[in-house]
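See structure below.
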Amino acid sequence: MSNSPHPLQVVAARHWKVAMPFVTALEWGSGKRPAATRLIVELTLANGTVGYGETICLLEFIEPVLVNTIFPIALAHRASDVERFSRHVLGAGYYHHKRAAVMAMAAVEMAMWDAVGRSSGLPLHALWGGAYRQRVEVAAYLFGTDAQALRQSAQRFMDQGYRSFKVKIGMTAASDLSNVEAVRGAVGDCLLRADVNGAWTPGTARRMLDKLKAFDLQYIEQPLELDDLHGHAELRRMQPIPVALDESAYTLADVGNIVRSSAADVILLDPHEIGGLWQTIKAAAIAESVGIPVTLHSGGELGFSQAAYVHLAVSIPNMTIAIDSERAYLSDDVVLAQPPLINGSFEVPNEPGLGVAPDFAKIERYQTSVIQGAYLDASRPGWFSTKPAY
């Protein structure tokens with residue numbers, strides 16, 4: 001009997017923390033971000049195949065969880081054992097603290113899928129049922145509170161072929177209306193959504209949504225704080241603008257509770273915040289079973305995660321809404337060739353695995369030891385966001 005490990009056994013793991021500067025700091029209801037801080041993971045299999053994954057790194061605990069808990073568990077599994085790996089992480093005590101584990105495990109899980117795809121010679125979407133659609137529409141993301149700047153930014157995206165738009169609100173009561181009005185005036189009949197980031201009280205939500213009816217929003221995202229499923233269900237019943245939930249949907253159980261509570265018309269998923277690509281597919285299926293469309297949240301994805309997003313979006317039937325992307329604001333990337341974005345859409349990728357390769361020179365250039373401005377605002381010392389804010 002051979003003592004050789006299975007070809008798909010994970011035998012080595014390493015990571016890098018990188019900070020990719022935005023071309024301009026992104027303002028939102030919870031702070032201002034000068035850069036996207038990300039963790040890049042590399043897994044090596046017994047057959048020599050190498051897979052890559054990426055995750056968002058907003059808070060200090062994510063990297064220690066990756067190194068101290070997730071890596072040792074990954075080294076006890078084959079790359080194909082994605083479900084067992086995920087359950088093993090939760091079984092290591094994180095069933096008590098799922099939100100503390102999901103971001104760290106997501107990078108490893110993505111690398112496992114990438115390695116399996118490379119080993120089999122298949123793109124990831126082919127491992128999940130194939131390409132349901134041939135293109136993935138992207139929503140143009142608009143930040144700030146200057147109406148003229150928002151109109152100009154929206155026009156630039158229009159000129160590049162975008163036809164879906166998302167505007168951040170929830171920063172001040174006055175700019176909630178002026179932001180939406182400015183963008184609607186620029187984009188005409190194109191689809192427009194607005195993201196509150198949980199800044200409203202229930203009373204403010206009722207007032208603001210009544211005023212926003214005139215702008216025909218595709219949906220209002222996370223109007224109330226993330227735990228208030230009852231409040232979101234009430235908002236759905238009392239007014240016509242569809243309600244979308246994002247921060248409320250960080251785990252598979254969260255998505256189940258949203259559906260049970262009838263709290264959303266749309267659910268934004270994020271593989272980094274739900275613990276992986278497979279968990280995203282499972283969550284989408286829960287929503288599909290009750291006719292709820294889904295899309296993808298953006299947190300400054302670099303090339304590995306952006307490729308993963310495209311594979312998810314081409315393969316999930318009810319991902320019928322343009323996905324979010326902050327890609328236009330990133331100053332660079334850490335892959336050799338980004339997934340091509342043409343006229344506001346991605347095409348179906350056909351290379352094995354994720355279909356992207358690391359640029360180690362760029363990874364080295366953008367390495368960091370700190371998390372840059374995840375939630376606070378250096379220009380406002382002592383300021384911090386509250387939920388709800390007004």
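Here the stretch 10-121 is treated as a sphere whose radius is the Kirkwood value from Cα pairs; by Stokes-Einstein at 4 °C and 1.567 mPa s it diffuses with a coefficient of 89 µm²/s. Using the Cβ of Ala199 as centre and a radius below 9 Å, the other residues enclosed give a net charge of -1, where K and R count +1 and D and E count -1.
Only beta bridges with both residues in the stretch 125-354 are counted; by DSSP, about 20 percent of them are antiparallel. The share of C-alpha pairs in the stretch 125-354 whose separation exceeds 34 Å stands at 11 percent.
Secondary structure note: in the chain, about 60% of the DSSP beta bridges are antiparallel.
Quick one: pull the percentage of alpha-carbon pairs in the stretch 243-311 with a separation above 16 Å. Walk me through the intermediate numbers first.
Details: 891 of 2346 pairs.
Taking all Cα-Cα pairs of the stretch 243-311, the fraction more than 16 Å apart is 38 percent.
When every alpha-carbon pair in the stretch 51-172 is counted, what percent end up more than 25 Å apart? Above the 25 Å cut-off, the stretch 51-172 has 50 percent of its Cα pairs.
Placing +1 on the Cβ of every Lys and Arg and -1 on the Cβ of every Asp and Glu, with nothing else charged, gives the chain a dipole about its Cα centre of roughly 200 debye.
Exposure proxy for Arg33, Arg84: other Cβ atoms within 10 Å of each Cβ, ordered fewest to most, give Arg84, Arg33.
Annotation: the residues His96, His125, sorted from fewest to most other C-beta atoms within 10 Å of their own C-beta, follow the order His96, His125. Exposure proxy shown here: for Ser325, Ser261, the number of other Cβ atoms within 10 Å sets the order, fewest to most, as Ser261, Ser325. Among Leu124, Leu376, Leu269, which one shows the biggest mean-square fluctuation in a GNM of the chain, springs joining Cα atoms closer than 10 Å? Maximum among the listed residues: Leu376.
How long are the semi-axes of the equivalent ellipsoid of the chain, taking √(5λ) for every eigenvalue λ of the Cα gyration tensor, in whole Å from largest down? Mind showing how you got there, number by number?
Working: eigenvalues 233, 94, 86 Å².
Equivalent ellipsoid of the chain: 34, 22, 21 Å, largest first.
Throughout, read-outs are computed from the coordinates displayed, never taken from laboratory work. The structure displayed is predicted, hence computed values, not measured ones. As a convention, Cβ positions derive from the backbone with ideal geometry for all residues, glycine included, and neighbour counts pool all protein chains shown.
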